[in-house]
Each structure stands twice: as structure tokens, then as C-alpha cells.
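Data block below; observations after.
The values are calculated or read from the model by the stated rules, or taken from the named source; none is laboratory data. As the structure is a computational prediction, the values presented were derived from the model and not from experiment. FYI the Cβ positions are ideal-geometry reconstructions off the backbone, even for glycines, and counts take in every protein chain you see. Protein only, heavy atoms only, side chains kept; ligands, DNA and RNA dropped before computing areas. Shrake-Rupley method; radii C 1.70, N 1.55, O 1.52, S 1.80 Å.
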Amino acid sequence: MITRIVKLTILPDKATEFVTLFNESKSIILNSEGCTYVEILRDTQHPQLFFTYSSWDSEEHLNLYRNSELFKNIWSRTKVLFADKAEAWSLKPCNE
């Protein structure tokens, strides 16, 4: 299992648009092969700071999604909302 966390700093006037885009995309992402969970989190102290949190059966499944047209479409619509460069981590349990 792979957990993917992506930190996104969104332009203050684009936060609502970002949340809407995520909510429109969530079920489609969940239908991607190997995706078992996806959600968005918002920092309580910095409302322009968001994190996406997703779980994947394997790194291969995550990479299939990241190389898909679906991802490219979502990412192109998302990155224009950024106030700063995105940061991402792929994590796995320590017992694997």
C-alpha cells in the first residue's frame, strides 16, 4: 500500500474554485485502478494551504494514475490555482 500526500498552496481568491474542482474529481479519481481512498484537508491556521491524501494498492497503481490523461487534465486545471510550488510525498508503512 502507498499513501500519497500532496501539499498545495492555493491563491487566496481561488480556494473555493480549488475545493469545487477537487469535489468534482474525487469520485473519478476513486474509480482509478488501485485507488482505495482520496480526500482533501485544509490547514486550520492557513486557509490557503491544502493537502490531498490518497491511498493506492501499489506504487505502480499510483504511477499509472499519475501518467494518465485523467491526471494530466486535473493537474492542468489545478496548477493554475497555485500560489506556490506543490510538494508531494509517497509513503508506505514501516512494516513493509
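Assorted remarks:
- Tabulated pairs, segment 1-27, first within 16 Å of Pro47 (Cα to Cα), second at pLDDT 95 or above and of a type in the set (Val, Ile, Thr), C-beta under 6 angstrom, 6+ apart or interchain: Val6/Thr52; Phe18/Ile10; Phe22/Ile40
- Top-ranked residue of segment 15-51 - restricted to ones that are of a type in the set (Ser, Thr, Tyr) and out of contact with any Ser or Thr (no Cβ under 9 Å at 6 or more places or on another chain), ranked as farthest from Ser76 (Cα to Cα): Thr44
- Taken over segment 43-96, residues that are surrounded by fewer than 11 Cβ atoms within 10 Å (Cβ to Cβ), of a type in the set (Asp, Glu) and in contact (Cβ under 8 Å) with a residue 24 or more places away in the chain amount to 1.
- Of all the residues in segment 19-39, those that are closer than 15 Å to Phe71 by Cα, open to solvent by less than 60 Å² (accessible area, probe 1.4 Å) and not polar (S, T, N, Q) number 6.
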